[in-house]
Amino acid sequence: MTARISQPANGAVLRLALVYMATGFVVFLLMGLLGLLMRLDHGGILVLSADWFYRIMTLHGSGMVAASLLAAMGGLAAVLGQTLRLSTRWLATAFVVYFLGAGFVIIATLLGGFGGGWTALHQLPFKGFTWGLWAALAMLVGYLFVAVGFLIYCWLVLYTTVKRYGGLHRVLAWRYLVSGGRQGADSLPGPSEIAASVVAIVGTVAVLAGAAYLVPLFGEAAGLVGSLDALVAKNLLFLFGHTLVNLNIYLAAGLVYATLPLYTGREWKTTWPVTLALNLVLLLVLLPYFHHLYQDFVQALPLHILGQIGSYGVALPAFLVTIFGGLSMIYRSGFRWSVPSILMVAGLWGWTFGGLGALLDSTIGINQVMHNTLWVPAHFHTYYLLGALAFAWAYLYHLLGELSGASESRLGSLAAWLYGIGGAGFILTFFVSGAASVPRRYAVHIPEWQVYAQASVPFVLVLMLGIGWLAVAMLGRFAQAWQKAGA
Amino acid sequence: MIDPKLVFGVLVALGLVWTGVWGWILVGSQQKAPDTEVGPKAAALRRRLFYLFLPLAVVIFVASMIWLPYPAARAGIVGQPQLSVNVTAQQWSWTLGQTEVPSRVPVEFVVTARDVNHSLSLYNPQGQLVAQVQAMPGYTNRLIHVFDQPGTYTIRCLEFCGIAHHDMVARLTVK
Ligand code: HEM
Ligand SMILES: [Cu+2]
């Protein structure tokens with residue numbers, strides 16, 4: 001078999017990838033400011049009306065999830081573009097459809113007054129009182145577009161990898177896997193390619209679940225069908241929502257496989273443990289969503305148990321392969337400190353720390369006293385901010401630096417330290433709030449709770465400073481990088 | 001029942017270990033050793049960690065089952081409920097069958113909702129969340145709880161239900 005040819009991604013793919021990531025970053029920055037507003041409100045420092053709090057909360061949540069996924073999608077497109085021919089037309093189509101969805105969400109929340117939360121449980125969208133039916137529909141249509149945009153991306157990735165390697169079983173390295181690494185070693189896809197394909201498959205399932213949730217809701221709004229069963233609706237919603245956000249980290253892991261080697265001088269090969277881990281993820285990643293329903297006592301017990309098994313089970317391959325792999329790559333590598341490498345360290349640290357918070361909370365008995373407290377946002381903010389997004393920004397910064405040829409000042413890495421330290425302080429106060437039983441999704445915090453939010457504000461400001469600094473640095477490189485990418 | 005502060009303690013302890021590991025890695029990263037030397041060592045360590053973590057996860061998993069909050073499991077541990085309180089949630093208030101219950105006996109809450117999803121949660125007099133269960137339209141969830149101290153407990157809604165969600169507060173007197 002031919003050796004894998006590595007080349008810079010074709011210019012158009014690279015430019016599109018930059019559009020994905022830059023859009024993701026700008027949305028991230030804006031939504032981050034909304035996050036600050038909410039924490040100020042919690043602290044009683046800048047009090048919002050409940051109506052506006054919940055609208056902002058909804059926009060922040062859905063906007064951040066969308067931005068983060070978009071950034072990872074773009075980053076991975078650039079990585080895949082080094083070895084595969086991705087269709088630029090479909091990559092562009094996915095972006096446009098996805099972006100339209102974001103537009104609907106903005107209209108629903110800012111104009112329509114929708115404030116049902118980024119995962120609004122059925123029937124809340126239709127029984128909000130502070131927003132009308134059209135706002136709820138705009139929100140749902142927005143979700144539909146985002147889901148379809150993501151689906152197009154998934155199918156593009158899958159089509160391209162399957163075509164390149166001659167079959168799904170080859171992309172997933174099954175012969176190599178079952179032979180214990182003795183056969184099929186000569187034609188293995190790279191780890192990023194396998195990760196992307198796994199995401200594409202699971203992403204398709206998640207989107208189908210989303211459709212199964214959304215379509216009856218449209219039918220209900222049109223008066224065609226009766227109300228969807230509350231428990232079924234909840235299962236579908238979390239199968240869609242949880243899986244979608246979970247996949248984000250695996251996309252971002254694909255960026256780590258591609259970026260870390262550049263800063264450690266070591267190759268991240270497709271080894272047998274890598275193929276095992278990614279195939280296990282494929283098998284297990286649909287199960288953890290059941291942990292969202294632990295407090296629905298009427299749900300069948302085996303499903304609760306399956307939720308805990310899946311949550312524990314999916315952590316093991318992620319830790320032992322990607323995170324442990326990252327650690328062993330850095331160890332004794334003569335690691336260079338720079339913005340991308342600091343962000344990647346922050347990301348590997350945070351992915352694990354957030355994962356520990358998640359593991360604890362995915363234990364049914366613990367969930368009983370943690371569910372829907374701020375512990376929940378604490379853990380997912382950790383592995384977004386100091387996980388998936390740290391990887392995405394590391395890669396974006398790296399790419400812009402490489403393309404523009406800009407040299408890195410020592411002072412410049414301070415921006416990444418601010419991001420890491422501010423972010424860690426911010427999420428820690430979230431965890432403390434959760435341990436103090438402070439509920440999530442509360443516009444008004446009683447005085448006993450406000451102190452935790454107040455303590456978080458300085459950290460959020462440090463984080464914002466880091467983000468702003470990164471933004472300025474990247475903006476300064478963008479024009480030149482754009483030119484170079486197209487050349 | 002589990003104390004959330006203990007859980008936080010566990011997280012912090014594990015977090016410190018994890019941060020220590022990073023400190024060690026990063027200090028070591030300033031020197032250089034060839035991949036051929038680090039690679040096999042890392043692979044061996046990974047194998048060992050696998051054989052450590054897998055049984056550990058199984059043990060923790062099995063042990064954690066004693067905290068199952070579901071009625072059959074709870075009744076098996078604390079005994080059959082001595083009295084039953086009907087709870088109906090609606091936007092944005094609670095309807096409670098009674099607002100006074102005894103301490104130290106198993107009490108069963110029979111919980112449903114009229115409009116959208118809500119969640120019944122019990123906060124003890126110190127403000128700590130001690131139990132919760134979802135309130136869903138079309139379903140009845142049963143939560144068995146033993147109040148371990150007398151005093152005024154606070155009931156809050158823990159499932160987002162719209163603009164006055166945070167105001168869905170009621171009191172329960174435990175004698
Ligand atoms: C940049 C700094 C950020 C700050 C200061 C911030 C702050 C907040 C706050 C205060 C809440 C409301 C918590 C509650 O009361 O329930 C929240 C919710 C949320 N945040 Fe962030 N956040 C930030 C970054 C992010 C990122 C990077 C993501 C990535 C996806 C994210 C996703 C979400 C989601 C999904 C929710 C839940 C919304 C809902 O409950 O409907 N946030 N954030
Ligand atoms: Cu509520």
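Each reported figure results from applying straightforward, stated rules to the coordinates on display, with no laboratory input. Quick caveat, the model's predicted, so the values are computed rather than measured. Positions of Cβ are backbone-derived with ideal geometry, glycine not excepted, and every protein chain shown enters the neighbour counts.
Structure data summary
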{"quantity": "For B:Ile2, B:Ile77, order by how many other beta-carbon atoms lie within 10 Å, fewest first", "calculated": "B:Ile77, B:Ile2"}
{"quantity": "Beta bridges per DSSP with both ends in the protein assembly as shown, % antiparallel, nearest 5", "calculated": "75"}
{"quantity": "Unit charges at the beta carbon, dipole of the protein assembly as shown: most positive-side option, A:Pro191, B:Ile77, A:Ala92", "calculated": "A:Pro191"}
{"quantity": "Value at 222 nm in deg cm²/dmol, rounded to 500, when DSSP H runs of n ≥ 4 in chain B each add -39,500 (n - 2.57)", "calculated": "-12500 deg cm²/dmol"}
{"quantity": "Between helix B:35-64 and chain B: long-axis angle, C-alpha atoms, 0 to 90°, nearest 10", "calculated": "20"}
{"quantity": "Within chain A, helix-based [θ] at 222 nm, where runs of 4 or more DSSP H residues each add -39,500 (n - 2.57), nearest 500", "calculated": "-24500 deg cm²/dmol"}
{"quantity": "Cα-based helix-to-principal-axis angle, A:230-264 vs chain A, degrees rounded to 10", "calculated": "30"}
{"quantity": "Orientation-averaged projected area, Cα convex hull of the range B:42-119 (nm²)", "calculated": "8.8"}
{"quantity": "Rounded to 10°, Cα long-axis angle of helix B:4-29 versus longest principal axis of chain B", "calculated": "20"}
{"quantity": "Cβ crowding within 10 Å averaged over residues, with A:124-134, A:242-252 ranked highest first", "calculated": "A:242-252, A:124-134"}
{"quantity": "Cα lying deepest toward the dipole's positive end in the range A:266-417, options A:Leu320, A:Trp375, A:Gly354, charges on Cβ", "calculated": "A:Leu320"}
{"quantity": "Inverse of mean 1/r across different Cα pairs in the protein assembly as shown, Kirkwood, Å", "calculated": "25.5"}
{"quantity": "Cα-based equivalent ellipsoid, the range B:71-174: semi-axes from gyration tensor eigenvalues, Å", "calculated": "21, 16, 11"}
{"quantity": "Unit charges on C-beta of K, R, D, E only; dipole of the protein assembly as shown, Debye", "calculated": "1460"}
{"quantity": "Inter-chain shielding of B:139-152 (mean C-beta neighbours from other protein chains, 10 Å cut-off)", "calculated": "1"}
{"quantity": "Between the range A:373-396 and the range A:208-240, the alpha-carbon center distance in angstrom", "calculated": "29"}
{"quantity": "Beta bridges per DSSP with both ends in the range B:71-174, % antiparallel, nearest 5", "calculated": "70"}
